[in-house]
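The values are calculated or read from the model by the stated rules, or taken from the named source; none is laboratory data. Not measured: the values here are computed from a predicted model. Cβ atoms come from the backbone with ideal geometry, glycine included; neighbour counts cover every protein chain shown. The area values use the complete protein model at the heavy-atom level, side chains included, leaving out ligands, DNA and RNA. Shrake-Rupley method; radii C 1.70, N 1.55, O 1.52, S 1.80 Å.
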Amino acid sequence: MNAELSRRAALHAALADPVRLAITDTLCTGDASPSELGERLGLRSNLIAHHLRVLEEAGLLTRSRSEADHRRVYIRLLPEALTALVPTSLLRAPRVVFVCTRNSARSQLAAALWQHRSTIPAASAGTRPGERVHAGAVRAARRHRLSLDAERTAHVHDVVRDDDLVVAVCDSAHEELPRTRERLHWSVPDPVRTGTDEAFEDAFAQLSARIERLAPAVHPEGTP
């Protein structure tokens, strides 16, 4: 038996459990902390820890520490392990709104990428919006033939509607937004902290890969 077959068998074995399959379905479209997974799936912390350990050992997920409080840990599926994993249910929304703290980089890039990939409208907003879009984000968008309005940022209260699908693309926004509504969370590092073109390119690549996975799973409301 070759190594590739053994690797595939290990992945199937790790997923051959209803709880672990539910975890991967949940993480297909967004990141979550172990406690958030426990709340969503109705499982005790020790059971979540056990199943996460099995999935991690199989190479299906990884952990990152929150850039906001530096104590929380977020779980995300590894892109290379996702090729055969598709969400079991479709998401329905008339619009997708990407949110970060300043609305100056990640959320702006995500909305531009989404509009290029999907016919469903997109918008962006910030929990504490800055005065303008960061020049590094504008340059990154330009390199990929996308355009950003450098003068336009917005607050979540002025943008988000009740029927929107909200995607928090940074840890701070995810932790600041109220828990009164369902949303997705992508733990994408803030490129502004470094400020280099490489950091913005990395954020762009992460957002692009996640949007490629999410876009096919989101359908307009009213469609079969």
To the nearest 20 debye, segment 7-120 has a Cα-centred charge dipole, built from +1 on Lys and Arg Cβ and -1 on Asp and Glu Cβ, of 220 debye
In debye, nearest 20: dipole of the chain around its Cα centre with unit charges on the Cβ of K, R (+) and D, E (-)? 100 debye
Filter the trypsin sites (Lys or Arg not before Pro) in segment 4-50 to those in DSSP coil with at most 13 other Cβ atoms within 10 Å of their Cβ, and list the result. ARG44
Between ALA217 and ARG161, the two model label points (7 Å from Cα along the beta-carbon direction) sit apart by a distance in nm of 2.4 nm
In whole percent, the Cα-Cα distances of segment 9-102 spread across 10 Å bins from 0 upward as 14, 47, 31, 8, 0
I'd like the distance between the alpha-carbon centres of segment 49-76 and segment 140-197, rounded to an integer number of Å. 22 Å
Separation between the ALA135 and LEU47 pseudo-spin-labels, each 7 Å from Cα along Cα→Cβ, expressed in nm? 5.4 nm
Calculated diffusion of the chain, Stokes-Einstein form, Kirkwood radius summed over Cα pairs, 4 °C and 1.567 mPa s, µm²/s: 71 µm²/s
The chain: most fluctuating residue of SER147, SER187, SER45 per GNM, C-alpha cutoff 10 Å: SER45
For SER6 and SER147 in one chain, what is 0.36 nm times their gap in residues minus the Cα-Cα distance, to one decimal in nm? 46.3 nm
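Dividing the alpha-carbon Rg of segment 165-213 by 2.2 N^0.38 Å yields what?
This ratio for segment 165-213 stands at 1.24.
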With all protein chains present and a 1.4 Å probe, how do GLU56, GLU80 order by accessible area, largest first? GLU80, GLU56
I'd like the carbon and sulfur percentage of the solvent accessible area for segment 92-224, probe radius 1.4 Å, heavy atoms only, ligands and nucleic acids excluded. 48 percent
How much FRET efficiency would the formula 1/(1 + (r/R0)^6) give for THR194 and HIS116, where r is the Cβ-Cβ distance and R0 is 22 Å, rounded to 0.05? 0.30
Neighbourhood charge, 12 Å Cβ-Cβ cut-off, centred on ARG63 and excluding it, Lys, Arg +1 and Asp, Glu -1: +2
Using only the alpha-carbon atoms of segment 109-224, report the extent along each of the three principal axes, biggest first, to the nearest angstrom. 42, 27, 24
May I ask you to order 192-198, 33-39, 115-121 by the average number of other C-beta atoms within 10 Å around their residues, highest value first? 33-39, 115-121, 192-198
Please work out the average accessible area per residue across the chain, using the 1.4 Å probe convention, and give it in Å². 51 Å²
